[in-house]
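Okay, so here's the structure we're looking at.
Read-outs: derived from the displayed coordinates by stated rules, not from any lab. As the structure is a prediction and not an experimental result, all values here were calculated from the model. Every residue, glycine among them, receives a Cβ derived from its backbone with ideal geometry; neighbour counts consider all protein chains shown.
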């Protein structure tokens, strides 16, 4: 070919290519595909971003759609069109049903609609797509069985995990799907025996059947899957002996059969599993010994056999187990000595041998256990603590050492040669050790967690503990320590700045079992689960409580009960902004309870019983929740105690003497905002009106008005925003008369900065009067801001401010009265409350509260952050219509701002996690708190219940744990469980989980909340 011919050839090729491009640009979406997508869109109740309200014929430009021309797919059509080959809309929060019309997309290769809110049954047509290669419908709300007739000849990947699918697996699941490589069905409600037909998935590499209700034995067909690399069958009800046929799965890398009912011995087939790295079989009923082929596997990195009935001595061939890094054999029946050859496992860094029947001492060979980082030998009947510490100090990389329930009655070694410089966690609790805290422990300055509780140690607490810059958990309770608490402890950096970085052990490593006297039995714990704590309870400590403790802003628990501490309770303790538990009971403390402690917004447990305290018990948001027993054994008066003497001055009536009305607590709406200008203008109107009534010379200057006269006017006139005609001459005297001089019998609740009283105005209208009183320098600011903000906020789902009045140091706010009190009262206080709130009523309450919050965030001018959304701030009228109340923590922000910086406040259990990192309140923070309220509606439980065991105290953590375990059905309040509402309950639960996301960006807007909740059941809204 000559040069000229060559260029002609190139020109022709280029021309054809360009023509192809121009032609493809003119292609339209295949009509059948377009119709299928339209039907799909019509089945979705929510908006699909990027699809628009009107359908464009060019469907290939829609978000999530990928097309190829029919000619490129080898289709001989007379007219070339685009064919849809991919539909990918994961994490789009799609709500609705999945249209069966998607089954007509016969050229579809990928269908990914994971992590949405799609519900009802799986369309049969989806399981007959001839070209489908990837099907991902995981994390939705699909229910019912998998279609029996499956014909997916091209499929390679199927994941439908985390749904509500039930029934048994189809026997023909793999008959036509011989190319299937990944099958994930985890976290559903499948039951029955595993079908032998699984053995027809000859290309399968990853099979996940975890967290279902499968029972029976493992079918032999599975053992034919020689390409299998991952097999997850944990958390089912599989039983019987483990077949030796497992040895046929020669390519297995990870095998998890934990939390089933397997019994018998573990088969000795691991010599055939030459690629196996992780073997997890904990929580079964295996007995006998560890098989030799497993105890000499050169590929195993993680071996977890805890919580079985394995017995005999531990015979590991560590010279062969060259890859082992994590070994967990806890809670079995092993006996004999602790295996001395463990240091020969050169890479082994995590060891749990706790709760076995070992005897003797820690082997001398552990001196060369240089790879060891974490070891738990709790409850192993060990002896000779001196030898144990001498040996373990040679483990150069040891950071976590747990020796609880050993060395009974021995003396804590004082050997000055001991040193554990890298140690971060040391637990030697409940050993009945005697002696004093040894000086050598001062070299362990990297300690983060130290627990030497429940021993018989004496002497003083060393000053050098204050040098441990990373120490955040110190438990020295239940010993016999004397002397004063070291003042140096008040300077612990980790408890001041909150910078706590905890290195967790490897997979599922139990730190230790901690004795909990308030709960039955013992508990597992991880380092990260421990709240920053100083626990010196049940000792013989004396001296004062240092005022400098107030600097520990990150401390959560301060427990000093049952000592001989004396002196006053420092008011500076109010500086411990994160404090949740403060127990000072059974000491010799004197003086009064500092009123400043009411500022501890997170405080959920407070106890000063059996001291020498006197005076008035402070009242405030948290103090109202404490039982009377927290204050008994003193000379205190007021709420929780006998009435105070009559000579105690209370402006405008007396405070509450009893908590008999606690059950009808109503969180009446108050708002705290900056805006004195508005109220000053109102006061100006009052002044002008007063001048006109007294026929003052119109030319007389305003400043000639006597300040005392102005105060008198303010004390007698009530400024009303609503119902002005009916109560035109409403005065302070009217308010005093309607509340019987603010008698405690008329108290119906306590909100931010004051008590709330029920009253009837002269026209017969019931109102709630909130009385703000006190000498706080910010009180005027709070009052003016509240008046301005709430007078502007008008919405059917908000509690309306009717008016206000001032009198000396008291300020009165008049609100609409809510006949049915608070949601908190109906859910948690009223005996028959939960039964009266059926699901339709609860859903209506959630929808109304969401609308009120959306108004505050988006429609009210200026926009308002609530900052204290909780069930006690959702009030119910006579028709159980929800009204948001108590803006006592709100701040105004500009219409386009997203946050406001202020002091951290709120209510324990409702405050978003990011508020602990920075004092920045955001819209998404309100959404988080609203998510907690949704959980309350769904579960009937309080957000925090300190009377429950530690693992159940936090409603949010418990709910997410149940979600991970796919046990959502166990979350819901039995009073609302009904099959006809199952899908609605699950949908609202998913919305709550989105609101409670740790990342504020993931949380929905309040307008999205309104849309989603209204779409739950539009017929009943």
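Key figures
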item: Per-residue Cβ neighbour rank within 10 angstrom, fewest leading, 265, 619; result: 265, 619
item: Burial ranking of peptide ranges 209-215, 623-629, 571-577 (average Cβ count within 10 Å, highest at the top); result: 209-215, 571-577, 623-629
item: Region 200-265 versus region 846-861: alpha-carbon centroid distance in Å; result: 51
item: Stretchable slack from residue 878 to residue 383, in nm (0.36 nm times residue separation minus alpha-carbon distance); result: 171.3 nm
item: Order of 747, 173 - criterion: other Cβ atoms within 10 Å of each residue's Cβ, fewest first; result: 173, 747
item: Cα centroid of region 558-586 to Cα centroid of region 141-168, whole Å; result: 57
item: Footprinting exposure proxy for 136, 328, 733, 877 (fewest neighbouring C-beta atoms within 10 Å first); result: 733, 877, 136, 328
